[in-house]
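Step one of this worksheet: look at the structure below.
The values are calculated or read from the model by the stated rules, or taken from the named source; none is laboratory data. A quick note: this is a predicted structure, and the numbers were derived from the prediction, not measured. For neighbour counting, all protein chains shown are included, and Cβ atoms are generated from backbone atoms with ideal geometry for every residue, glycine included.
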Amino acid sequence: MLNVKLKDDFVSDIRNIIISSRSAAIRSVDFERVRMYWKLGERIVVEEQQGKERAEYATYLLQHLAVSIKAEFGNGFSVRTLEQCRQFYRTYPITNALRSQFNWYQYRLLLQIDDKDKREYYEYETLNNNWTGRELERQINSELYERLLLSNDKKAVLEVARRERLPESPAEIIKDPMVLDFLGLKRDAAYYEKNLETALIDHLQAFLLELGNGFSFVSRQKRILLEDDEFFVDLVFYNRLLRCFVIIELKTHKITQEDIGRLQMYVNYYDRNEKISDENPTIGILLCTEKNNTLVKYTLPENNNTILASKYQLYLPTEQQLTEQLRVQWRKLQ
């Protein structure tokens, strides 16, 4: 009997083949389900058009169809599901335009978006970032598209999502305010900066999704020694799209001039000691509970585009809060 130890790389290759095949099979099943719902929608629309002279025919059709197929296929084909199939076909009338990477849950989320440009944006970002259905739902609920439009025009936002061009400024991919509901911090809890930082690191994947596109984690509590004085940078990332370091300072109070000055010092240090010649200037982000835009404006040079102050929120805002926030921001832009 042979007593041979298999090579680790060989076993790893075999495992990867099996895992990859399983994933492909799941995706194939998910996409066949998507195609089934699309075909159902197509057939329903064709049947409706044949009886279009009767205004009540559409409602009658779906109600009686659901009853007719319930006995054989169960409750999975309710009137609501059949309505979604019809809407699915009308929204995506070309079968070749369906994306095999999307499952039915993701498509149902997209169907709830009436604005064509907004829906297209989330389609591209789901592909670019490999979002799951839950991640897509969270980004939609946090009004990601609307937050980006506060500092960008629609054309620029869609061009970056389509990857027709690379982002030219931090504002094109860094969101304000950042919604940090995934941290799970209690609303009435008394927490300190180190607790917030720890919570962010523990939920790094979700934080990167909220932060924007192209971020990679570099360091935490990065020590900087200036003669006999030492400082610690809270978080350091690198953004491959902007091709620069991104430094994040966390503050659990309203922004102060001292906070801005210290962040500027960290940015200067990275520009002079860490950045290489073909990289872009370092970006500094000050995450605070409350901003003072006037203070930021007069503390930094007029041509500043590398120091950003972003307000963070521990919970998703309500629809009313978002509406009011967007209304205020649009008034400022007009």
Open item on the list: Out of the helices (runs of 4 or more DSSP H) lying entirely within the range 13-113, which hold 3 or more residues that are touching a Leu at 6+ places or on another chain (Cβ under 7 Å)?
Closed with: 57-73, 79-91
- [ ] Take the residues in the range 114-130 that are among the hydroxyl-bearing types (Ser, Thr, Tyr) and touching a Leu at 6+ places or on another chain (Cβ under 7 Å), then tell me which one is surrounded by the fewest Cβ atoms within 10 Å (Cβ to Cβ).
- [x] Tyr122
Task: Subset of the range 95-133 that is over 27 Å from His64 (Cα atoms) and among the β-branched types (Val, Ile, Thr) - its residue that is farthest from the chain's Cα centre (by Cα) - done: Ile113
TODO: Show the residue pairs that are 6+ apart or on different chains and have beta-carbon atoms under 9 Å apart, the first residue being within the range 39-51 and farther than 12 Å from Leu82 by Cβ, the second being surrounded by fewer than 17 Cβ atoms within 10 Å (Cβ to Cβ).
DONE: Lys39/Thr95; Glu42/Pro93; Glu42/Thr95; Gln50/Tyr57; Gly51/Tyr57; Gly51/Tyr60
Open item on the list: Where the second residue is of a type outside the set (Lys, Arg) and modelled with pLDDT of 90 or more and the first is in a strand (DSSP E or B) and lies in the range 271-290, which pairs have Cβ atoms under 9 Å and are six or more apart or on separate chains?
Closed with: Ile283/Phe245; Gly284/Tyr266; Gly284/Tyr270
Open item on the list: Just to verify a result, which residue in the range 212-235, among those that are acidic (Asp, Glu) and assigned to a strand (DSSP E or B), is nearest to Tyr145 (Cα to Cα)?
Closed with: Asp234
Open item on the list: Would you confirm, using the coordinates I've provided, whether Leu242 is within 18 Å of the chain's Cα centre (by Cα), closer than 19 Å to Asn280 by Cα and of a type in the set (A, V, I, L, M)?
Closed with: yes
Open item on the list: I'm checking my understanding of the structure. Among residues of the range 148-163 that are over 18 Å from Asn239 (Cα atoms) and at pLDDT below 75, which one is surrounded by the fewest Cβ atoms within 10 Å (Cβ to Cβ)?
Closed with: Asp153
- [ ] Consider only pairs whose beta carbons are under 8 Å apart and that are at least six residues apart or on different chains; among these, list those whose first residue lies in the range 53-73 and is under 16 Å from Cys85 (Cα atoms) and in the same structural domain as Arg86 (by TED's automatic domain parsing) and whose second residue is aliphatic (A, V, I, L, M) and at pLDDT below 80.
- [x] none
Task: Test set (1) assigned by TED's automatic domain parsing to the domain that holds Arg33; (2) surrounded by 15 or more Cβ atoms within 10 Å (Cβ to Cβ) - Ser100 fails condition number - done: (2)
Task: Criterion violated by Glu230 - all others in (1) charged (D, E, K, R); (2) under 23 Å from Thr198 (Cα atoms); (3) in contact (Cβ under 8 Å) with a residue 12 or more places away in the chain satisfied - done: (3)
